Amino acid sequence: MRLRAADRSGGRYRTWGIIPTSMDYSFSCILAWFIVDIVASLLGWWVARAMGLRRRLLPIVGLLSCVTACAGLIYFSSSWQPAVAIVKITDPAASSASNGYRLRVKGTVSPTTARVALVVRSEKAIEWWVQQPVSVNGHEPPGAWTIDAFLGSPFQGSSENFQVIALASPNPWLLDLLSGRSLMAGQRTKKVPNWSQSDPIVVWRKE
């Protein structure tokens, strides 16, 4: 699925692709894995000691526990199938224009407990910017959300097209983190985690 977006500065058309997805072993994910491995190692060492295992074998048991935990996390991150959400951008329309670098984006998500993130990319950039956390109010209508997104900065991005896509994950935050599917505000990435995606919209920033 591809989207054709008008390049209004020259009357031509660009081709935008849906965001490729991948597991993102970010610093926060690696840190979480490290903590889990340390806990597993200490737990294995403690259980072996409680069972009366010889002292010289305790480090080996701890190391094996650490390796087993790491292997389990790798298998989990590569094989776990996350739950699916339905996320939509209701405003602005698919082809819109903005007078400045701030853009009010509204949409809906189901289930209403899902976490929503917004990513933005300029036509001249290869990385996506993860915006500030999206607030899902759960009222009028259920699952409605609103965010003020950034189309570049006050000094960069004028007279450019920006692609905006909403992402949603109904999975617990910890599972997304341990599986390499976490997102953080301010993050810049060429690919995004395997979250559910809305249809993309393209916004022309006039100034």
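We did not get these values from a lab; they are worked out from the coordinates using the rules stated. In this text the structure is predicted, and so the values were computed from the model without any measurement. Heads up, the Cβs are rebuilt from the backbone with ideal geometry, glycines too, and the neighbour counts pull from every protein chain shown.
Go ahead and run the numbers for FRET between Val47 and Leu175, Cβ-Cβ distance against an R0 of 30 Å, rounding to 0.05.
Approximately 0.75, to the nearest 0.05.
Helix 58-79 sits at what angle to the longest principal axis of the chain, using alpha carbons and giving 0 to 90 degrees rounded to 10?
It works out to around 30 degrees.
Can you report the principal axis dimensions of the chain using only the alpha carbons, biggest first, rounded to whole angstrom?
76, 37, 31
Compute the FRET efficiency between Glu123 and Asp91 as 1/(1 + (r/R0)^6), taking r as their Cβ-Cβ distance and R0 = 30 Å, and round to the nearest 0.05.
Working from the Cβ atoms, E equals 0.90.
Rounded, prolate or oblate, given the Cα gyration tensor of region 54-118, with a/c below 1.5 counting as rounded? Present the calculation step by step, with values, prior to reporting the outcome.
Values: a/c = 5.09, a/b = 3.31, b/c = 1.54.
Since a/c reaches 1.5 and a/b is larger than b/c, the shape of region 54-118 is classed as prolate.
Any chance you could run the full-extension gain for Leu64 through Ser159? It's 0.36 nm times the residue separation minus the Cα-Cα distance, nm to one decimal.
So the extension gain works out to 28.5 nm.
If each residue's Cβ is checked for other Cβ atoms within 10 Å, how do Glu123, Glu160 rank with the fewest at the top?
Going from sparsest to densest Cβ surroundings: Glu123, Glu160.
Relative to the first principal axis of the alpha-carbon coordinates of the chain, what is the inclination of helix 27-50, with its axis defined by its Cα atoms, in degrees from 0 to 90 and to the nearest 10?
Roughly 20 degrees, rounded to the nearest 10.
Would you order Asp91, Asp176, Asp37 from fewest to most other beta-carbon atoms within 10 Å of each residue's own beta-carbon?
Arranged by neighbour count, lowest to highest, Asp91, Asp176, Asp37 become Asp91, Asp37, Asp176.
Which of Ile89, Pro142, Gly152 sits closest to the plus end of the dipole of region 82-205, meaning its Cα is farthest towards the positive end, when Lys and Arg get +1 and Asp and Glu get -1 on the C-beta?
It is Gly152, whose Cα lies furthest towards the positive end.
How large is the Rg to Rh ratio of region 99-207 when both quantities use alpha carbon positions and Rh follows Kirkwood?
Details: Rg = 14.0 Å, Rh = 14.4 Å.
Taking Rh as the inverse mean 1/r over Cα pairs, Rg/Rh reads 0.97.
Quick check: convex hull of the Cα atoms in region 27-79, volume per residue, rounded to a whole Å³?
Normalising the Cα hull of region 27-79 by residue number yields 60 Å³.
Loop-only check: which chymotrypsin sites (Phe, Trp or Tyr not before Pro) in region 20-126 are DSSP coil with at most 16 other Cβ within 10 angstrom? Intermediate values should be presented prior to the final figure.
Details: sites: Tyr25, Phe27, Trp33, Phe34, Trp45, Trp46, Tyr75, Phe76, Trp80, Tyr101; in loops: Tyr25, Trp80, Tyr101.
Taking region 20-126 and a limit of 16 other Cβ atoms within 10 Å, the loop chymotrypsin sites (Phe, Trp or Tyr not before Pro) found are Tyr25, Trp80.
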